[in-house]
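In what follows, a structure is listed as C-alpha cells, so that the remarks can point back to it.
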Amino acid sequence: MSVLSAAPFSPEAIAAEGIKPEEYAEIVRRLGRHPNQAELGMFGVMWSEHCCYKNSRPLLKQFPTDGDRILVGPGENAGVVDLGNGLRLAFKIESHNHPSAVEPFQGAATGVGGILRDIFTMGARPIAILNSLRFGSLQDTRTRRLFHGVVAGIAHYGNCVGVPTVGGEVYFDPAYSGNPLVNAMALGLMETPEIVTSCAKGIGNPVLYVGSTTGRDGMGGASFASAELSDASMDDRPAVQVGDPFLEKSLIEACLEAFKTGAVVAAQDMGAAGITCSTSEMAAKGGVGIELDLDKIPVRETGMVPYEYLLSESQERMLFVAEKGREQELIDIFERWGLHAVVAGSIITDPIVRILFKGDIAAEIPASALADNTPIYHRELLPEAPDYAQKAWAWTLNMLPPCTLDGISINGTSFNWTEVLLNLLATPSIASKRWVYRQYDHQVQNNTVMLPGGADAAIVRVRPIHSPNPQPLTPNPSAPGVAATVDCNPRYVYLHPYEGAKAAVAEAARNLSCVGAEPLAITDNLNFGSPEKPVGYWQLAEACRGLAEACRELKTPVTGGNVSLYNETLDSDGKPQPIYPTPVVGMVGLIPDLTKICGQGWQTAGDLIYLLGVPVDAEPSSTVTLGGSEYLAAIHGVTAGKPPIVDFDLERRVQQVCRDGIRQGWVRSAHDCAEGGLAIALAESCISGGRGATVSLVKVPSLRWDELLFAEGGARIVVSVSRSHQADWEAYLEGHLQDAWQFLGGVSSDQAFVIQTEDNLPLIDVAVSEMGDRWHYAIERYLES
C-alpha cells in the first residue's frame, strides 16, 4: 500500500496545501507517522517556495555576501551595513504580488507593513520606504483599477505609520496584465546597541506573543503566493491580510522600547506562515525547541481551530523570546502602548515545535524539518537558450525601416525626431510618476533631502533619533546621508537574463553615483514565473548568475532579499502566461557629506553639458544598442534584439568620476542614460531643471539616426558643469576617463531643447514646456481616458 493511499487525507486535500505526492511521503518518513490536519498545513506553508526557496536556494548560494561594511547578511529579517561613526543601516525588500493582484489596496498596504516589521524587528527605526511596481497596459480597465488600488494602499499604510515613501520605479507592460508586481523596500537606522536576531536560546526562557490579535485573515498566504494566479484566485481573498498602520506605529515604538531594556533574547515578525514560521525558524536557528499554547493567543474570532491559528497571517504580530523573570517588564511596555502581550510558551530542550490546544498536543514537528531541512530541487538547466530568445537575438537593425536626418516612416506614417521624442516622453514607463508619488507623504520625519522625481536616487539624512547628545532641531547640512534606489529593466532580462540582470545592478550603482553616493550593498527581489518549466528555470538561473557576477564586479554584496516565483496567470483555457523575469535590485549607498550631492535637472544657464561613458561618435558596438530598447518597443512595437552588454571596467571608472566630480563641487547635475537613451536623458534634465539646452552630436556613417538619439547602454551619464570649473573638470576627465567622455553643448537661457548635428542641422527642436506637458501629465491622461 502506498503512503498516499493510506493517508488520512485525499490526494486533492494534500495538493490543496501545495504539497506534492513525493513531499507527502517525505513528511511521513520524517514524522514516522501521518501528519494531522494542522501539521499538514504547517508543512504546506513552510515547504512552499515563498518560505523555503526549494527551487532557488541552490542558485542563491553563488551571491557574494561578505564585505567590509556588512554586519548582517542573508538569513535574518533584514541585512545591516556599517555607515561609520556608530551608524548602522538595516534594509530589505519583499514582494506582495499575488495578494495585490486579488485585493490591490490591502495587498499593497500589508506589503508595506510587512517590510517595516522586518526592519524594526532588527532593532532599527524605519526611516524610508521605496517601492518597485509593475502593471499591465494602462489602456486596460483592470490594470487601471489595480494601479489605483496598489498606489492607494501604499500611500495609506506609509502615510499613516509615519514613514516617508521617498522613491521607487513603475513600469507598464502587457506582460504584467494578470500578475502585477508589488515590491516594497524599507530602510531603518539601528537604535539598539546590539542587533536583535531571531535565534532563540535559553532553555526555560518564556516565549511572548505581542502585538495584535489573531484572526482568520491571511490564511495560507505563503502557499497562495507560491501558486499561479487563475480565474479562481479571486476566491482566495481570505489569503489576503488586512493591516492596521496605526497599530503598527504603536508596535514600532513598543518593540524598540522593549529591545532597549535588554530583556529580549530574540524576536521574529509573524509574516508569511504566521505562528508556524516564527516558532520553527526561531527554534531551528537556536538549535532548541519551542512549546506554544494556542489557548494563550489573543484572538479576534471565535471557534478557531489549530490549523487556523497556525496558518493565520493576521498583521502586526511578533514573537519574542525573553529573559526568564523579565517577562512582566516587557508585558507592561506593550500594554502601555495599547497592545497585547502574553506569555504563550517557553524554550524547550528537544529541537521541536510543540503546539498545545485545549490541553492536548495539536502538532509536534522537528523544527529543522519546517525551517531549514526542507526540500531542495536541483533542476536541469537548458543546454542552450530557448527558442524565444534565439529568435529575438536574430533581430537586426536592418529589420527597421530606413531613417534620415528628418525622421522615420513607420507603417506609412512619417514622424520627425521631435515627434518621436515627445511620444517616448509620454510613454507611461518613461513619463513622470508624480501622479504616484504625490499621494505619498515623502517628507514626514524631516529627513528627506531629495524629493521624488528630483534625482536618480532617493537621499535621506541619517541621524540617531535617540542619543546622549541630541542633535539640534536645525539639521547639520554636512551630516552624512544614505541614498537608495530600486532598479530593473525587465525587457532586458526577458531578452537576455544574464546580461539583463547585470544591467540591473549596474544601473542601480549608476543611479547612486549620480547623486554622489558610494554603492554599498544590495537586497534583491527575484520575481519570476514557474521554475518547474524549463524556460522559467533557465531565466531564473541565468539571472542569478548575472546578479552574482555584477555584485562581485561592483563590490556590492547581497544582504538578503526575497524570491517570488510562479508569477503566472492561468487564463480561462488554463494556459499559463508568465511575467517578464524581473530581478529587482534595491541598492543603498553612503553620502559622506550632504552638501556634496546633486539632482538630475540643469541648474544654471551657461553650464556646460558632458557625456560620460561611450561617446556618441563611437563605432556601433554591443555596449550601446537599440536591442531591447524603449524606442524599439514603444515606437515600433518590437521586443527583440540583445540588450546592451555591461562593461564593468567602464562602469567603475564612469561612476567614480561622477562621484568625484560631485564631491569636488564641479558637477552640478547628473542623470544616467537609461530607457530612451541619450535624447530622453537630456530632455528629462531640461524638464527637471526648467531650462533649455543646445547639444551637438557627431554621427559616424555606420550609425543610424535613431541609434544616435535613442540607443541604450554604454555606462552613460549626462552631467552639467559650471564654466568656471571647465579647465579643472576636463583635466580630470583626461586623466581618469581618457576617451570615454565627450563635450555635448550647454544649458541655454531660453526654453528650447535643441539637438543638432555638428553642421548645425536640427534633429530635435522643441520647447521645454511642450516636453513637460507630455511627460508630466501622461499617466493622468491615461487614467482619465
Of the residues in the stretch 578-594, how many are surrounded by fewer than 24 Cβ atoms within 10 Å (Cβ to Cβ), part of a strand (DSSP E or B) and modelled with pLDDT of 95 or more? 1
Among the listed residues Ser629, Ser621, Ser669, Ser688, which satisfies the condition of being polar (S, T, N, Q) and modelled with pLDDT under 95? Ser621
Here is a check on your reading of the model: is Gly345 part of a strand (DSSP E or B) and either free of Cβ contacts under 8 Å to residues at least 12 places away in the same chain or open to solvent by 10 Å² or more (accessible area, probe 1.4 Å) (or both)? yes
Testing Arg145 on (1) among the charged types (D, E, K, R); (2) assigned to a loop (DSSP other than H, G, I, E, B); (3) out of contact with any helix residue (DSSP H, G or I) (no Cβ under 6 Å at 6 or more places or on another chain), one condition comes back false. Which one is that? (2)
Please find, within the stretch 236-258, the residue that is most open to solvent (accessible area, probe 1.4 Å) out of those that are outside any loop (DSSP other than H, G, I, E, B), modelled with pLDDT under 95 and in contact with a helix residue (DSSP H, G or I) (Cβ under 8 Å, 6 or more places away or on another chain). Arg237
How about the stretch 262-307: which of its residues are assigned to a helix (DSSP H, G or I) and either of a type in the set (Gly, Ala, Ser) or free of Cβ contacts under 8 Å to residues at least 40 places away in the same chain (or both)? Gly274, Ser278, Ser280, Ala283, Ala284, Gly286
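Quick grid of which residues meet (1) over 28 Å from Gly73 (Cα atoms); (2) surrounded by 23 or more Cβ atoms within 10 Å (Cβ to Cβ); (3) in contact with an Asp or Glu (Cβ under 8 Å, 6 or more places away or on another chain); (4) touching a residue at least 40 places away in the same chain (Cβ under 8 Å):
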residue	(1), (2), (3), (4)
Leu540	no, yes, no, yes
Arg545	no, no, no, yes
Ala550	no, yes, no, yes
Thr556	no, yes, no, yes
Thr559	no, yes, no, yes
Leu565	no, yes, yes, yes
Leu570	yes, no, yes, yes
Asp573	yes, no, no, no
Pro576	yes, no, yes, yes
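Residue-wise test of (1) in a helix (DSSP H, G or I); (2) in contact with a strand residue (DSSP E or B) (Cβ under 7 Å, 6 or more places away or on another chain).
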{"residue": "Lys54", "(1), (2)": "no, no"}
{"residue": "Gly67", "(1), (2)": "no, yes"}
{"residue": "Leu71", "(1), (2)": "no, yes"}
{"residue": "Val81", "(1), (2)": "no, yes"}
{"residue": "Leu89", "(1), (2)": "no, yes"}
{"residue": "Glu94", "(1), (2)": "no, yes"}
{"residue": "Gly111", "(1), (2)": "yes, yes"}
For residues that are within 21 Å of Leu761 (Cβ to Cβ) and assigned to a loop (DSSP other than H, G, I, E, B), scanning just the stretch 402-425, find the one that is nearest to the chain's Cα centre (by Cα). Asn416
What's the number of the condition Val166 fails, among (1) part of a strand (DSSP E or B); (2) more than 30 Å from Gln268 (Cβ to Cβ)? (2)
Go through Arg659, Arg668, Arg653 for me and flag whichever is touching a strand residue (DSSP E or B) at 6+ places or on another chain (Cβ under 7 Å), surrounded by fewer than 24 Cβ atoms within 10 Å (Cβ to Cβ), in contact (Cβ under 8 Å) with a residue 40 or more places away in the chain and part of a helix (DSSP H, G or I). Arg659
Counted residues, the stretch 741-785 - those being among the acidic types (Asp, Glu), within 34 Å of the chain's Cα centre (by Cα) and either modelled with pLDDT of 95 or more or buried (at least 17 other Cβ atoms within 10 Å of the Cβ) (or both): 3
With the requirement that a residue be of a type in the set (A, V, I, L, M) and open to solvent by 20 Å² or more (accessible area, probe 1.4 Å), what does the stretch 264-287 give you? Val264, Val265, Ala272, Ala284
Candidates Leu330, Leu294, Leu319 - the one that is at pLDDT 95 or above, of a type in the set (A, V, I, L, M, F, W, C) and closer than 18 Å to Ala38 by Cα: Leu294
Could you tell me how many of the residues in the stretch 352-370 are outside any strand (DSSP E or B) and open to solvent by less than 30 Å² (accessible area, probe 1.4 Å)? 3
Within the stretch 195-228, count every residue that is modelled with pLDDT under 70, open to solvent by 10 Å² or more (accessible area, probe 1.4 Å) and hydrophobic (A, V, I, L, M, F, W, C). 3
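The values are calculated or read from the model by the stated rules, or taken from the named source; none is laboratory data. None of these values were measured; they are calculated from a predicted model. Ideal geometry is used to build each Cβ from the backbone, glycine not excepted, and the neighbour counts take in all protein chains shown. Ligands, DNA and RNA are stripped out before the accessible areas are found, and what is left, the full protein with its side chains, is counted by its heavy atoms. Shrake-Rupley method; radii C 1.70, N 1.55, O 1.52, S 1.80 Å.
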